[in-house]
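Shown next, in structure tokens, is the structure this report addresses.
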């Protein structure tokens with residue numbers, strides 16, 4: 001029984017999605033209130049510099065370098081008081097630091113790339129993309145939770161950036177991760193894909209929606225599919241997950257078994273929603289669809305859900 005429970009591929013599906021290559025040792029049990037100060041004082045500290053959804057990096061051949069020393073960071077007006085400690089890698093502390101520099105005047109050899117471009121264009125290595133996702137999510141949470149939700153007093157950062165404390169009422173606030181169900185509804189020979197009005201031209205993707213309080217993953221998958229496409233689901237199986245720093249979500253990828261096939265899409269949510277047979281999906285994955293229809297790029301978990309189904313009849 002134990003063997004069957006863990007009888008899975010050597011490399012689990014979640015390791016193939018974008019943002020999943022983070023190799024930082026978080027050392028969660030060792031985060032002191034002065035962890036950031038101690039890390040910044042370390043001569044080997046490596047800093048990720050961020051502002052307005054963009055990462056500073058130095059282009060260097062096929063892969064850029066997103067890490068700066070503390071002295072190098074000084075040129076970009078760093079807000080060290082708002083820095084967060086991501087953990088350690090190779091014995092060196094890694095921090096995410098917001099900056100106030102003019103992103104249009106960074107100087108020679110440094111560019112500011114938005115997070116999606118960093119991922120989709122492969123501007124830095126997989127480990128660095130994962131570290132960026134961790135830092136981006138933490139900095140976004142801190143920026144939007146500066147005041148206590150209980151009494152309204154300004155809060156203070158603690159535990160290296162993994163907690164905020166209200167000095168007025170002593171309430172502790174912890175970084176949040178918003179769970180999102182993303183699901184591919186399937187039959188034996190076709191899958192359901194939809195597109196929103198904001199999608200890139202020709203792109204169709206799996207349906208998705210936030211998991212609500214008091215709801216299981218499976219219940220959310222069934223509810224969102226019914227609400228958006230009018231399709232009832234039977235069995236639901238988990239496939240993979242993906243950290244998604246926009247601003248701090250966790251995409252939980254599942255497959256859903258369709259019990260009916262009549263699409264009744266929510267026109268306020270979807271511009272189109274329809275079934276695609278396996279061969280057509282394969283042509284979309286291979287970018288040879290006659291109508292130019294395509295799927296999300298490989299960095300997105302939707303791509304991996306679609307590809308896994310298409311290649312495993």
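The values are calculated or read from the model by the stated rules, or taken from the named source; none is laboratory data. Quantities reported herein were computed from a predicted structural model and do not represent experimental measurements. No Cβ is skipped: glycine too gets one built from the backbone with ideal geometry, and neighbour counts run over all protein chains shown.
Residues of segment 53-73 being at pLDDT 95 or above and out of contact with any strand residue (DSSP E or B) (no Cβ under 9 Å at 6 or more places or on another chain), which ones?
71
Here are some conditions: (1) part of a loop (DSSP other than H, G, I, E, B); (2) buried (at least 20 other Cβ atoms within 10 Å of the Cβ). Residue 262 meets all but one. Which one does it not meet?
So the condition that residue 262 fails would be (2).
Just one of (1) more than 25 Å from the chain's Cα centre (by Cα); (2) outside any helix (DSSP H, G or I) trips up residue 283, so point out which.
(2) is the only condition that residue 283 fails.
State yes or no: is residue 123 assigned to a helix (DSSP H, G or I) and over 21 Å from residue 71 (Cα atoms)? Write out each step before concluding.
Values: assigned to a helix (DSSP H, G or I): no; over 21 Å from residue 71 (Cα atoms): yes.
When the stated conditions are applied, residue 123 does not pass them.
Just to check your reading of the model, which residue among 135, 160 is surrounded by 14 or more Cβ atoms within 10 Å (Cβ to Cβ) and more than 16 Å from the chain's Cα centre (by Cα)? Write out each step before concluding.
On the way: 135 fails: more than 16 Å from the chain's Cα centre (by Cα).
The unique qualifying residue is 160.
Out of 108, 29, 37, 100, report the one residue that is over 26 Å from residue 298 (Cβ atoms), touching a strand residue (DSSP E or B) at 6+ places or on another chain (Cβ under 9 Å) and surrounded by fewer than 16 Cβ atoms within 10 Å (Cβ to Cβ).
On the way: 108 fails: touching a strand residue (DSSP E or B) at 6+ places or on another chain (Cβ under 9 Å); 29 fails: touching a strand residue (DSSP E or B) at 6+ places or on another chain (Cβ under 9 Å); 37 fails: touching a strand residue (DSSP E or B) at 6+ places or on another chain (Cβ under 9 Å).
100 is the lone residue from the list that is over 26 Å from residue 298 (Cβ atoms), touching a strand residue (DSSP E or B) at 6+ places or on another chain (Cβ under 9 Å) and surrounded by fewer than 16 Cβ atoms within 10 Å (Cβ to Cβ).
Just a yes or no: is a residue in segment 42-55 assigned to a loop (DSSP other than H, G, I, E, B) and closer than 22 Å to residue 120 by Cα?
Yes, the conditions are met somewhere in segment 42-55.
Go over the candidates 157, 183 one by one and state the one that is modelled with pLDDT of 95 or more, assigned to a strand (DSSP E or B), touching a strand residue (DSSP E or B) at 6+ places or on another chain (Cβ under 9 Å) and closer than 23 Å to residue 253 by Cβ.
183 is the lone residue from the list that is modelled with pLDDT of 95 or more, assigned to a strand (DSSP E or B), touching a strand residue (DSSP E or B) at 6+ places or on another chain (Cβ under 9 Å) and closer than 23 Å to residue 253 by Cβ.
Go through 94, 129 for me and flag whichever is surrounded by 22 or more Cβ atoms within 10 Å (Cβ to Cβ), in contact with a strand residue (DSSP E or B) (Cβ under 6 Å, 6 or more places away or on another chain) and not assigned by TED's automatic domain parsing to the domain that holds residue 209.
Result of the check over 94, 129: 94.
Name the residue that is nearest to residue 23 (Cα to Cα), counting only residues in segment 249-263 that are out of contact with any strand residue (DSSP E or B) (no Cβ under 6 Å at 6 or more places or on another chain) and free of Cβ contacts under 8 Å to residues at least 40 places away in the same chain.
The qualifying residue nearest to residue 23 (Cα to Cα) is 260.
Would you check if there is a residue in segment 73-87 being without any contact (Cβ under 8 Å) to a residue 40 or more places away in the chain, part of a strand (DSSP E or B) and within 21 Å of residue 158 (Cα to Cα)?
So far as segment 73-87 goes, yes, one or more of its residues are without any contact (Cβ under 8 Å) to a residue 40 or more places away in the chain, part of a strand (DSSP E or B) and within 21 Å of residue 158 (Cα to Cα).
State which residue is surrounded by the fewest Cβ atoms within 10 Å (Cβ to Cβ) when the search covers only segment 265-280 and only residues that are part of a loop (DSSP other than H, G, I, E, B) and out of contact with any helix residue (DSSP H, G or I) (no Cβ under 7 Å at 6 or more places or on another chain).
Here the answer is 268.
Looking only at segment 33-41, decide whether some residue is in a loop (DSSP other than H, G, I, E, B) and over 12 Å from residue 70 (Cα atoms). First the steps, then the outcome.
Taking segment 33-41 and keeping what is in a loop (DSSP other than H, G, I, E, B), we get 33-34, 41.
Narrowing the set further to residues that are over 12 Å from residue 70 (Cα atoms) leaves 33-34.
Within segment 33-41, one or more residues are in a loop (DSSP other than H, G, I, E, B) and over 12 Å from residue 70 (Cα atoms).
Being in contact with a strand residue (DSSP E or B) (Cβ under 7 Å, 6 or more places away or on another chain), touching a residue at least 12 places away in the same chain (Cβ under 8 Å) and surrounded by fewer than 16 Cβ atoms within 10 Å (Cβ to Cβ) is the requirement here; does residue 202 meet it?
yes
Out of curiosity, is residue 219 surrounded by 15 or more Cβ atoms within 10 Å (Cβ to Cβ) and closer than 24 Å to residue 177 by Cα?
It is false that residue 219 is surrounded by 15 or more Cβ atoms within 10 Å (Cβ to Cβ) and closer than 24 Å to residue 177 by Cα.
For segment 222-248, give me the residue count where each residue is buried (at least 19 other Cβ atoms within 10 Å of the Cβ) and either without any contact (Cβ under 8 Å) to a residue 24 or more places away in the chain or in a strand (DSSP E or B) (or both).
8
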